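Input: a single structure, listed below in structure tokens.
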Amino acid sequence: MPRPWEADHDAQFHRRLGRTAAELGDSRTTQDCPEIWQLDNGDIAVIGRDATTAYADRLPPGVRIGSDERLVIISGRMLSAAKPDIPDA
């Protein structure tokens with residue numbers, strides 16, 4: 001049975017949501033910064049610290065991480081900074 005939504009790996013990066021990790025003081029370098037980006041198809045790409053293994057045995061009931069998925073963490077400050085760039089549904 002096909003999934004109702006699938007990531008389009010041909011979508012291109014369109015615009016950053018919020019500010020860079022360096023601007024927020026969450027990184028000292030531009031080599032390993034978390035990011036939130038809107039893709040040209042409207043989907044969102046999140047670059048963060050891979051915490052899949054650390055959280056795998058303590059997910060809330062009903063939460064699953066698919067074999068092709070990863071749980072990533074970004075700072076709350078980064079998400080808050082992106083809020084003005086995220087349209088209401």
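The values are calculated or read from the model by the stated rules, or taken from the named source; none is laboratory data. These numbers were taken from a predicted model, which means no experiment stands behind them. Backbone-built Cβ (ideal geometry, glycine too); neighbour counts: all protein chains shown. Keep in mind that these areas ignore ligands, DNA and RNA; they rest on the heavy atoms of the full protein, side chains included. Shrake-Rupley method; radii C 1.70, N 1.55, O 1.52, S 1.80 Å.
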Counting only protein heavy atoms and using a 1.4 Å probe, what share of the accessible area of segment 17-78 belongs to carbon plus sulfur, as a whole percent? 50
When the chain is treated as a Gaussian network with springs between alpha carbons less than 10 Å apart, the largest mean-square fluctuation among Arg15, Arg64, Arg49 is found at Arg64
Can you tell me the dipole magnitude for the chain around its Cα centre, using point charges on the Cβ only (Lys, Arg +1; Asp, Glu -1), in Debye to the nearest 20? 400
Considering the options Pro34, Ala7, Ala22, tell which one lies farthest towards the positive end of the dipole of segment 1-55, charges being +1 on Lys and Arg and -1 on Asp and Glu at the Cβ, about the Cα centre. Ala22
Among Tyr55, Ile65, Pro87, the residue whose Cα sits farthest towards the positive end of the charge dipole of the chain (+1 at Cβ of Lys and Arg, -1 at Cβ of Asp and Glu, taken about the Cα centre) is Tyr55
Run the numbers for Thr29 and Arg49: contour at 0.36 nm per residue of separation, minus the present Cα-Cα distance, in nm. 5.7 nm
Quick check for you: with a 1.4 Å probe and neighbouring chains kept, what is the accessible area per residue of the chain, in Å²? 79
